[in-house]
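The values are calculated or read from the model by the stated rules, or taken from the named source; none is laboratory data. Note that the structure is predicted; figures quoted are calculated from it, not measured. No Cβ is skipped: glycine too gets one built from the backbone with ideal geometry, and neighbour counts run over all protein chains shown. Remember, those area values only see protein heavy atoms, side chains included, never the ligands or the DNA or RNA. Shrake-Rupley method; radii C 1.70, N 1.55, O 1.52, S 1.80 Å.
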Amino acid sequence: MSLRDGQFLARAIRLAARGRLSCAPNPQVGCVIVRGDVIVGEGWHQRAGQAHAEVNALAMAGDRARGATAYVSLEPCNHQGRTGPCSQALIKAGIKRVVFAAPDASGASGGAQALREAGVEVSSGLLQAEAAALNPGFHRRMSGGRPWLRMKLAMSLDGRSALPDGRSQWITGAQARLDGHRWRARSCAMITGVGTVLADDPQMTARLPHDSVQQPLRVVLDREHRTPRDARLRADEHYLILHASRDPVRNGQSLPVCDERLDLHAAVDALAARGCNEILVEAGPTVSAAFLRAELVDEVIIYAAPALLGQGLPAAELGVLDDLDARIRLDWLDSRRIGDDLRIIARPQTRI
């Protein structure tokens, strides 16, 4: 593959990212159609149930797609879902060559094979890591694993998430909070504990100035089903109460109990079964620590405010460690200022 191939494929990957806040649970996909080194069509998957990236790009290209090359960030699908197979659409349009970055992690697509059988030249592997990074949860879940789980923590520089009486509004500034809502918007589900619901009555919504934002499923870990009927998260039916009761619970699902707590592995599996690719945990110190100890956290997003609170609640109540070897070590992925605050993205080494 040539340098030009890399440039057009990089363009497809950038287009794919435009669907970050709206296409879940489907993967983010971008497509660029090129004829004679000129882009004649491009598109991205904008929303689940609507046209895929390849179809949008073909619609822009029209007759100019015949004999052209299609650059796609993800292997074109070859199955009938809510929309038709993209591989067949490319074949019907007369595409001569397809270059894709990341293979379909499910192994069930067969798009590349279908294209080759129809006489289309297929190349793959270029910029695969960059394309796969767009959809970590999709690739993991499709390969038989669990969703990608992020945890958001907001704290002072001395690691406090609230005053001793629980007051925490607001430790971080407005820009950091807006950035946090973007992480909510790209998540299929958002998890908190019933303690947070009882204390703060959160809405658990992504509040952004975009009409295309897709709201996450609001999930509460509530073993004894104490979530109030008038809780704000119950404003509509897009919520789930995970509990241990034998009695039926409205919008609820029963889970096993482990060490007197809901089994968090079972909770994540339940969300995977519902098609959730990426999960965001925004919870109190106890629930946050439980996910970390269970080694279910793939990324930690920390917003650190330029302030010192002294005594107060920790961001994660990990308890007293007997030895330094028991600490949870993190690898830094990114750090930058968001308004007056510092945002750090890190990955627990146990997930590597």
Discussion item. Just to be sure I understand the filter: pairs with C-beta atoms under 9 Å, separated by 6 or more residues or on different chains, first member in region 143-160 and within 17 Å of Arg293 (Cβ to Cβ) and modelled with pLDDT of 90 or more, second member open to solvent by 30 Å² or more (accessible area, probe 1.4 Å) and not in a loop (DSSP other than H, G, I, E, B). Which pairs pass?
Written reply: Arg146/Arg140; Arg146/His265; Arg146/Asp269; Arg150/Trp183
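Any residue that is buried (at least 24 other Cβ atoms within 10 Å of the Cβ) and farther than 30 Å from Ala315 by Cα - is there at least one of those in region 112-119?
Pass one, region 112-119, residues buried (at least 24 other Cβ atoms within 10 Å of the Cβ): 115.
Narrowing the set further to residues that are farther than 30 Å from Ala315 by Cα leaves 115.
Yes: one or more hits.
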Worksheet item: Hey, Cys23 hits all of (1) part of a loop (DSSP other than H, G, I, E, B); (2) among the hydrophobic types (A, V, I, L, M, F, W, C); (3) closer than 19 Å to Glu121 by Cα; (4) open to solvent by less than 10 Å² (accessible area, probe 1.4 Å) but one; which does it fall short on?
Response: (3)
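Give me the residue from region 159-189 that is hydrophobic (A, V, I, L, M, F, W, C) and in contact with an Asp or Glu (Cβ under 6 Å, 6 or more places away or on another chain) and, out of that set, least open to solvent (accessible area, probe 1.4 Å).
Kept after step one, since they are hydrophobic (A, V, I, L, M, F, W, C), are these residues of region 159-189: 162-163, 170-171, 174, 176, 178, 183, 185, 188-189.
From what's left, in contact with an Asp or Glu (Cβ under 6 Å, 6 or more places away or on another chain): 176, 188.
Details: Ala176: 2, Cys188: 21 Å².
Among those residues, the one meeting the criterion is Ala176.
How about region 93-108: which of its residues are part of a loop (DSSP other than H, G, I, E, B) and either at pLDDT 95 or above or not acidic (Asp, Glu) (or both)? Step through it out loud before you land on a result.
Taking region 93-108 as the starting set, the residues that turn out to be part of a loop (DSSP other than H, G, I, E, B) are 93-96, 103-108.
Once the filter is applied, which keeps residues that are part of a loop (DSSP other than H, G, I, E, B) and either at pLDDT 95 or above or not acidic (Asp, Glu) (or both), region 93-108 yields Ala93, Gly94, Ile95, Lys96, Pro103, Ala105, Ser106, Gly107, Ala108.
Let me confirm something: among Asp236, Asp222, which residue is open to solvent by less than 70 Å² (accessible area, probe 1.4 Å) and acidic (Asp, Glu)? Don't jump to the end; show me each part of the working.
On the way: Asp236 fails: open to solvent by less than 70 Å² (accessible area, probe 1.4 Å).
Criteria check complete, one pass: Asp222.
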Worksheet item: Only one of (1) within 16 Å of Thr83 (Cβ to Cβ); (2) open to solvent by 70 Å² or more (accessible area, probe 1.4 Å); (3) outside any loop (DSSP other than H, G, I, E, B); (4) not hydrophobic (A, V, I, L, M, F, W, C) is not met by Gln50, so which one is it?
Response: (3)
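Which residues, taken from region 315-328, are surrounded by 10 or more Cβ atoms within 10 Å (Cβ to Cβ) and either within 26 Å of the chain's Cα centre (by Cα) or part of a loop (DSSP other than H, G, I, E, B) (or both)? Talk me through it step by step, then tell me what you get.
First pass over region 315-328, keeping only residues surrounded by 10 or more Cβ atoms within 10 Å (Cβ to Cβ): 315-319, 321, 326, 328.
Within region 315-328, Ala315, Ala316, Glu317, Leu318, Gly319, Leu321, Ile328 meet the criteria.
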Fill in: Pairs, first in the same structural domain as Ser168 (by the TED database) in region 301-327, second polar (S, T, N, Q) and in a loop (DSSP other than H, G, I, E, B), C-beta under 9 Å, six or more apart
Tyr303/Thr172; Ala304/Thr172; Ala305/Thr172; Gly312/Ser168; Leu313/Ser168
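Of all residues in region 281-303, which are open to solvent by 10 Å² or more (accessible area, probe 1.4 Å) and assigned to a loop (DSSP other than H, G, I, E, B)?
If we filter region 281-303 for residues that are open to solvent by 10 Å² or more (accessible area, probe 1.4 Å), which is where we start, we get 282-287, 290, 292-295, 299, 302.
Residues satisfying the conditions are Glu282, Ala283, Gly284, Ala294, Glu295.
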Item to complete: Determine whether region 249-263 contains at least one residue that is free of Cβ contacts under 8 Å to residues at least 60 places away in the same chain and assigned to a helix (DSSP H, G or I).
Response: no
Worksheet item: Is one or more of the residues making up region 203-211 in a loop (DSSP other than H, G, I, E, B), touching a residue at least 60 places away in the same chain (Cβ under 8 Å) and surrounded by fewer than 19 Cβ atoms within 10 Å (Cβ to Cβ)?
Response: yes
